[in-house]
Amino acid sequence: MKSKSMGILGPIGTHSEAAARYLNSKLEDQFDLKIFPTIDEAISNVAEGSIDSAFVPVENSLEGSVNITLDTLARLDDLKIVRELVWSVHNSMMIKQNCQSIKKVFSHPQALSQCREFIRKNLPDAEIVATSSTSKAAEIVGKSSVEDGFAAICTQRAGELNSLIEFAREIQDNSSNSTRFFQIARKDFESIEDPNLPSKILIICYIDGKKSGELCSVLEEFAHRNVNLTRIESRPAKTELGTYIFFFDLEMNAPKNRSRELHRMLIDESLTAVSRKTLWLKNLGEFPVIIAKN
């Protein structure tokens, strides 16, 4: 039987790879990891049928949404979310052996933001350089000379892959720093999930912002049926200034004193009502939420 493939943001050693390797260890069916240079390319290859799924970041607890993931999901059709993984982020500062003075710090913009206080307190004079990924930062430092005084904020694995040593570990400003990842596949992708896990639905809709109170009207369809929204996000529709696409995460687990069957019926009613009040609506399906223990 052919192994299923899963695209991730590369190069090797990113938080995406670490989280994907963890997910693989928890699943009955293993995925062959395929490296892509961008999130958009990973998801687009799923839509084109080149790979079976993509595993991409969607939100960080400190820095907010990963906009390219949201925009690509809104742009492409016939996709669904297979599962969500909540991953605790652990950042390290890695340097060349025998490095005596750190002059430049390289990392992905989100990692730099997540470690802002550490840098300010410990390396106030260092130049900050943004890179396409934490692994790319480790690669740059690995190819530098000791005299350059380069340092990378990255995973331990990325540092080790580039022959770097640890300068400091757990340097993120908040110990509860975590990232949500979506595994995305085409609509016909089959998976078996644990029914005991909490689950959600993601819907994407285009609301006519020129109509006064239209967003409030949409939210009321969920509120008066006691359907909980765990997240609301907006992104520019990219058609004209002032038009927006909205992303809603709906909690599928029934509230107390309500049966599972009734709750799901009310969710279906909500989605039908909302679809009538929007210019278009995409339902990316129900998916379980896995909390990583890393």
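The values are calculated or read from the model by the stated rules, or taken from the named source; none is laboratory data. The structure presented is a predicted model; accordingly, all values stated were derived computationally and were not measured. Every residue, glycine as well, gets a Cβ built from its backbone with ideal geometry; the counts of neighbours run over all protein chains shown.
Taking the criterion of being more than 14 Å from Val82 (Cα to Cα) and exposed (fewer than 10 other Cβ atoms within 10 Å of the Cβ), the residues of region 192-221 that qualify are Asn196, Lys210, Ser212, Gly213, Cys216. Screening region 54-137 for helices (runs of 4 or more DSSP H) wholly inside it with 2 or more residues that are assigned by TED's automatic domain parsing to the domain that holds Phe181, touching a residue at least 12 places away in the same chain (Cβ under 8 Å) and surrounded by fewer than 23 Cβ atoms within 10 Å (Cβ to Cβ) returns the ranges 67-75.
Looking across region 245-294, just one residue is surrounded by fewer than 18 Cβ atoms within 10 Å (Cβ to Cβ) and among the aromatic types (Phe, Trp, Tyr), and that is Trp280. Scanning region 20-76 for residues that are in contact with a helix residue (DSSP H, G or I) (Cβ under 7 Å, 6 or more places away or on another chain) and within 14 Å of Gly10 (Cα to Cα) yields Leu33, Phe36, Ile39, Asp40, Ile43, Ala54, Phe55, Val56, Pro57.
Screening the candidates Glu166, Glu147, Glu193 for the property of being part of a loop (DSSP other than H, G, I, E, B) and farther than 19 Å from Glu17 by Cα yields one hit, Glu193. Residue check: Pro195 meets all listed conditions (1) free of Cβ contacts under 8 Å to residues at least 12 places away in the same chain; (2) closer than 30 Å to Pro109 by Cβ but one, namely (2). Taken over region 73-109, the criterion of being farther than 22 Å from Val289 by Cβ, under 17 Å from the mean Cα position of the chain (by Cα) and polar (S, T, N, Q) is satisfied by Asn91 alone.
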